[in-house]
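Below is one structure, written out as structure tokens, with a few remarks after it.
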Amino acid sequence: MLQYIYNLPVIVRTSILLIFSNVFMTFAWYGHLKNFADRKWYIAALVSWGIALFEYLIQVPANRIGYTELSLSQLKILQEVITLSVFIPFAMIYMKQPFKTDYIYAGICIIGAVYFIFRS
């Protein structure tokens, strides 16, 4: 199984790791608004830091793998695409937020950023 993963293109391996990293990041940043709203802020901060540790344990290797073939700007835009792709379902499903057409407009802007950063 690991051999199959190592044979994947760098951008695919990086993207998979960044998706997992972003799930942890999104919960660390926003999950406390639902789960710890009745607790003191520093309790929520400590829990968020604990979750963020797992995010960094995935994100750092993802960026190191990605940086072997992608530029720093390409890594950043890839991260933003993944962040938006993880955040929207999180907001709608987990946080019960309504769908907004602004999500579509934000996605269009991100597609433009991807085009300009990856076109060379």
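Read-outs throughout are calculated quantities, based only on the coordinates presented, and are distinct from any laboratory measurement. Model, not experiment: these values are computed from the prediction. Heads up, the Cβs are rebuilt from the backbone with ideal geometry, glycines too, and the neighbour counts pull from every protein chain shown.
Scanning region 25-67 for residues that are within 23 Å of MET92 (Cα to Cα), in contact (Cβ under 8 Å) with a residue 24 or more places away in the chain and of a type in the set (Phe, Trp, Tyr) yields PHE27, TYR30. If the condition is being closer than 15 Å to VAL23 by Cβ and not hydroxyl-bearing (Ser, Thr, Tyr), then region 51-80 contributes ILE51, ALA52, LEU53, PHE54, GLU55, LEU57, ILE58, GLN59, ALA62, GLN79. Summed over region 28-61, residues that are farther than 30 Å from THR14 by Cβ and exposed (fewer than 11 other Cβ atoms within 10 Å of the Cβ) total 5. Pairs linking a residue in region 104-118 that is more than 18 Å from LEU75 (Cβ to Cβ) to a residue that is of a type in the set (Phe, Trp, Tyr), with Cβ atoms under 6 Å and 6 or more positions apart or on different chains, do not occur.
Of the residues making up region 1-13, those that are in contact (Cβ under 8 Å) with a residue 40 or more places away in the chain and out of contact with any Ser or Thr (no Cβ under 9 Å at 6 or more places or on another chain) are ILE11, ARG13. Of the residues making up region 62-72, those that are surrounded by 13 or more Cβ atoms within 10 Å (Cβ to Cβ) and either within 16 Å of the chain's Cα centre (by Cα) or in a helix (DSSP H, G or I) (or both) are ALA62, ASN63, ILE65, GLY66.
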